[in-house]
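The values are calculated or read from the model by the stated rules, or taken from the named source; none is laboratory data. Quantities reported herein were computed from a predicted structural model and do not represent experimental measurements. Counting neighbours? That spans all protein chains shown, and the Cβs are built from the backbone with ideal geometry, glycine included. The protein model used for the area step is the full one, side chains on, heavy atoms only, and it has no ligands, DNA or RNA in it. Shrake-Rupley method; radii C 1.70, N 1.55, O 1.52, S 1.80 Å.
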Amino acid sequence: MRRFALLIIVSIFILNYTNILYAENNRSTLTGADPKIINEIDNWLIQFFRHNVPKGNVEIRYNENQEYWDPPGYKIYKAQFAKLLKAYNDIGLANVTEILPLNMPFLEWKNIKRYTVEPTKKCIDSAEEVKENGDCIILIAKPSMDSVTNTKNMLFRSNDPNEYKVITGTFKVNKLSIGEEYNSATGGKIPQSYRIRALVSIGKVSKDCKVEAVDWGDIGEDLWITNNIATFITNLSK
């Protein structure tokens, strides 16, 4: 009888250990991963794929080292936004009209562009949210974690109120029609899935979790496109 009970205990241990290994090393499962943490990572990814189509006057600045005068009523963007704004116009999400400079100093004018932007009906109908100021929030793809390959605990300082985990795995991208149009206009391509690692803080008392930094990269490549986690850890260690 004792031998039979011992066999049952050993069998349960083997099954549990196998499940842990499966969750840590098999790319096809989220088994064993904390659903709360996975949900937080999914929310972070969704924010990344949300686009804000502004309404009103915008100013795009091409030289970050230059000092500018902030014109009243303008929304200010960095140079990278120019490509997005052109795509919004090309696929009919916004009507974009350039505002030509009037009596503006040349040295300032050559490093900025100003536009009026009016979201279209197509944009409003496609929007997840239309803000009070008329800006439209457009989701161009629905990403979500689809595998966890490794979970690593990290400790930075003993008096830190949080503990940390680095979750490594992959996330898939469910493309939406508006996203396909956007990619066609920009000449970009979104793969079906990416590698990802996310640094998550978990309150030692509250148990609340927050995504602090995320790196991602192409599957099959060794390098990460970003260096966000390393930057976060460096700043935390100062």
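Plugging the Kirkwood radius over Cα pairs into Stokes-Einstein for the range 140-223, at a temperature of 37 °C and a viscosity of 0.692 mPa s, what D comes out in µm²/s?
Working: Rh = 14.7 Å.
Estimated via Stokes-Einstein, D reaches 224 µm²/s.
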With a cut-off of 19 Å, note down the residues of the range 186-206 whose backbone N falls inside the zone around a label point 7 Å from the Cα of Asn235 toward its beta carbon.
-> 197-203
Full extension from Phe48 to Leu155: what is 0.36 nm times the residue separation minus their Cα-Cα distance, to one decimal in nm?
-> 35.8 nm
Net charge near Leu199, counting Lys/Arg +1 and Asp/Glu -1 over other residues with Cβ under 14 Å of its Cβ?
-> -1
With every protein chain left in place, what is the accessible area per residue of the range 83-225 in square angstrom, probe 1.4 Å?
-> 56 Å²
At a Cα cut-off below 16 Å, give the aspartates and glutamates reachable from Lys207, other chains included and same-chain residues fewer than 8 away excluded.
-> Asp34, Glu40, Asp160, Glu163
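If you take the Cα Rg of the range 51-94 and divide it by 2.2 N^0.38 Å, with N the number of residues, what do you get? Write down the numbers at each step before the final one.
Details: Rg = 11.4 Å, N = 44, 2.2 N^0.38 = 9.3 Å.
So the Cα radius of gyration is 1.23 times the expected 2.2 N^0.38 Å.
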Label-point separation in nm, Ile124 to Lys36, each point 7 Å along Cα→Cβ | 4.2 nm
